[in-house]
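Novice: Quick one: structure below, then a few questions.
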Amino acid sequence: QVQLVCSGGGLVQAGGSLRLSCAASGGTFSSYNMVWFRQAPGKEREFVATSWGVYADSVKGRFTISRDNAKNTVYLQMKNLKPEDTALYYCAAGFTYTTNWKSYTIWGQGTQVTVSS
């Protein structure tokens, strides 16, 4: 199975942009569905975007997921960031079409996104 490494997080002002990356190794990346999740302090992990084109309402029109199978990488382009987007962002891989984080067993280590007001 694949192993995932997340990167690209950082500190950004509200209205700014970031692009997160999730690099896969050790498996057939193209066969996996990929999902970005996030978890803010004290809150449950929530889905952000899926590789089959589903977005959380809170990020629609601002975030875009994409994948490059040649580079074994999935991206999350985030624009017009808001303070409420502050969270630890994770990528996950699986073979099901679900946004339920409990269904995934392959995870990246997470990358922190902090949006200041």
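Novice: Note down all Cβ pairs under 6 Å where the first residue falls in segment 77-97 and is at pLDDT below 95, the second is assigned to a helix (DSSP H, G or I) and not aliphatic (A, V, I, L, M), and they're at least six residues apart or on different chains.
Specialist: Thr96/Ser103
Novice: Further question on the same structure: Of all residues in segment 1-44, which are over 16 Å from Thr114 (Cα atoms) and part of a loop (DSSP other than H, G, I, E, B)?
Specialist: Matches in segment 1-44: Gln1, Val2, Gly26, Gly27, Thr28, Tyr32, Glu44.
Novice: Within segment 46-72, track down each residue that is under 17 Å from Thr114 (Cα atoms) and open to solvent by 50 Å² or more (accessible area, probe 1.4 Å). Reasoning before the result, please.
Specialist: Residues of segment 46-72 that are under 17 Å from Thr114 (Cα atoms), as a first pass: 46, 48, 58-59, 62-63.
Of everything in segment 46-72, those that are under 17 Å from Thr114 (Cα atoms) and open to solvent by 50 Å² or more (accessible area, probe 1.4 Å) turn out to be Glu46, Ser58.
Novice: Can you pull out the residues in segment 50-75 that are within 22 Å of Gly16 (Cα to Cα) and aliphatic (A, V, I, L, M)?
Specialist: Passing the criteria: Ala56, Val59, Ile65, Val74.
Novice: On to the next question. Can you pull out every residue in segment 57-94 that is outside any loop (DSSP other than H, G, I, E, B) and of a type in the set (A, V, I, L, M)? Quick ask: steps written out before the conclusion?
Specialist: Step one: filter segment 57-94 for residues outside any loop (DSSP other than H, G, I, E, B), giving 63-68, 73-78, 83-85, 87-94.
Within segment 57-94, Ile65, Val74, Leu76, Met78, Ala87, Leu88, Ala92, Ala93 qualify.
Novice: Specify which of the listed residues (Tyr104, Tyr97, Tyr75, Tyr90) is open to solvent by 60 Å² or more (accessible area, probe 1.4 Å) and under 23 Å from Thr28 (Cβ atoms).
Specialist: Details: Tyr104 fails: open to solvent by 60 Å² or more (accessible area, probe 1.4 Å); Tyr75 fails: open to solvent by 60 Å² or more (accessible area, probe 1.4 Å); Tyr90 fails: open to solvent by 60 Å² or more (accessible area, probe 1.4 Å).
Exactly one of Tyr104, Tyr97, Tyr75, Tyr90 is open to solvent by 60 Å² or more (accessible area, probe 1.4 Å) and under 23 Å from Thr28 (Cβ atoms), namely Tyr97.
Novice: Check Gly9, Gly16, Gly27 and return the single one that is at pLDDT below 95 and open to solvent by less than 50 Å² (accessible area, probe 1.4 Å). Outline the logic, then answer.
Specialist: Working: Gly9 fails: at pLDDT below 95; Gly16 fails: at pLDDT below 95.
When all the criteria are applied, what remains is Gly27.
Novice: Show the residue pairs that are 6+ apart or on different chains and have beta-carbon atoms under 6 Å apart, the first residue being within segment 53-65 and closer than 11 Å to Asp85 by Cβ, the second being in a loop (DSSP other than H, G, I, E, B) and open to solvent by 60 Å² or more (accessible area, probe 1.4 Å).
Specialist: Arg62/Lys79; Arg62/Asn80
The values are calculated or read from the model by the stated rules, or taken from the named source; none is laboratory data. The shown structure was predicted, so the numbers you read here are calculated from the model rather than taken from an experiment. Glycine also receives a Cβ, built like all others from the backbone with ideal geometry; neighbour counts cover every protein chain displayed. Ligands, DNA and RNA are excluded from the accessible area calculation, which covers all protein heavy atoms including side chains. Shrake-Rupley method; radii C 1.70, N 1.55, O 1.52, S 1.80 Å.
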